[in-house]
Amino acid sequence: MVKIGRKAPEFEVQAFVDGQIGSIKLSDYLGKWTVLFFYPGDFTFVWVTELAAVAVRYDEFRELGAEVIAMSLDSPFVHKVWNEQELEEMVEGGAPFAMATDPAGAVGTAYHVFD
C-alpha cells in the first residue's frame with residue numbers, strides 16, 4: 001500500500017507529452033513534488049473541466065516546484081487526438097504536462113485507485 005513518507009511505486013509508461021508520444025518513468029521526476037492524478041478517459045464529459053483546470057494552473061504548480069502527470073486507461077494516441085480536438089479549444093496549447101497511459105491498470109492497482 002502507498003503510504004506517506006514511503007517511496008512511491010516506480011512505473012514506466014507510454015505518454016503524450018510536449019506534443020509527442022514517448023515514455024516516462026516516475027523516476028524522471030525524482031527530486032520534484034509530483035502530482036499524479038488518475039481519471040477514467042479523455043472523451044468523457046466529467047473530466048474535461050478538471051484536466052483543463054490543472055492545465056490552466058500548471059504554471060502555479062511549477063512555481064511551487066511540482067510537476068503533474070495525468071493518467072488514464074486511454075492510449076497515448078487517444079491523448080494526442082483529445083488534446084488536438086478538445087483541450088486545445090479550452091486551453092491554449094493543450095496539456096502542458098504528461099498524459100500517461102495505464103491500459104492494463106497496473107499503475108492504478110499499485111497506487112490503490114481501483115475499488
- Spatially proximal aspartates and glutamates relative to Lys80 (Cα-Cα < 18 Å; intrachain offsets below 8 disregarded): Asp18, Asp42, Glu50, Glu88, Glu89, Glu92, Asp102
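Suppose every Lys and Arg Cβ carries +1 and every Asp and Glu Cβ carries -1, with no other charges. What dipole size does the chain come out with about its Cα centre, to the nearest 20 debye?
Values: 8 positive and 18 negative charges, 129 e Å.
My answer is approximately 620 debye.
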- What angle, in degrees between 0 and 90 and rounded to the nearest 10, separates the Cα long axis of helix 47-56 from the longest principal axis of the Cα atoms of the chain? 90
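Out of the GluC sites (Glu not before Pro) in segment 1-110, which ones are loop residues according to DSSP with at most 13 other C-beta atoms within 10 Å? Numbers along the way, then the final one.
Numbers: sites: Glu10, Glu12, Glu50, Glu60, Glu63, Glu67, Glu84, Glu86, Glu88, Glu89, Glu92; in loops: Glu10, Glu92.
Passing both the DSSP loop test and the Cβ count: Glu10, Glu92.
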- Item | Lys/Arg +1, Asp/Glu -1 at C-beta; the chain dipole; positive extreme among His112, Val17, Leu64 | His112
- Longest the chain segment clear of chymotrypsin sites (Phe, Trp or Tyr not before Pro) sitting in DSSP loops (not H, G, I, E or B) with at most 13 other Cβ atoms within 10 Å runs 46-113
- Checked segment 38-82 against the a/c 1.5 cut and the a/b vs b/c comparison, axes a ≥ b ≥ c from its Cα gyration tensor; verdict prolate
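What Kirkwood hydrodynamic radius do you get for the chain when you take the inverse of the mean 1/r over all pairs of distinct Cα atoms, in Å?
Result for the chain stands at 14.4 Å.
Put Met71, Met90 in order of accessible area, largest first, 1.4 Å probe: what do you get?
Numbers: Met71 0, Met90 90 Å².
Descending order: Met90, Met71.
Leaving ligands, DNA and RNA out of it, report the carbon-plus-sulfur percent of the accessible area of the chain at a 1.4 Å probe.
On the way: 4040 of 7200 Å².
Exposed carbon and sulfur together represent 56 percent of the surface.
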- Note on the structure: With the 1.4 Å probe rolled over protein heavy atoms, the chain has an accessible area per residue in Å² of 63
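The values are calculated or read from the model by the stated rules, or taken from the named source; none is laboratory data. Computed from a predicted structure; not experimentally measured. Virtual Cβ from ideal backbone geometry, glycine too; neighbours counted across all protein chains shown. Just so you know, the surface numbers come from the protein's heavy atoms only, side chains and all, with ligands and any DNA or RNA stripped out. Shrake-Rupley method; radii C 1.70, N 1.55, O 1.52, S 1.80 Å.
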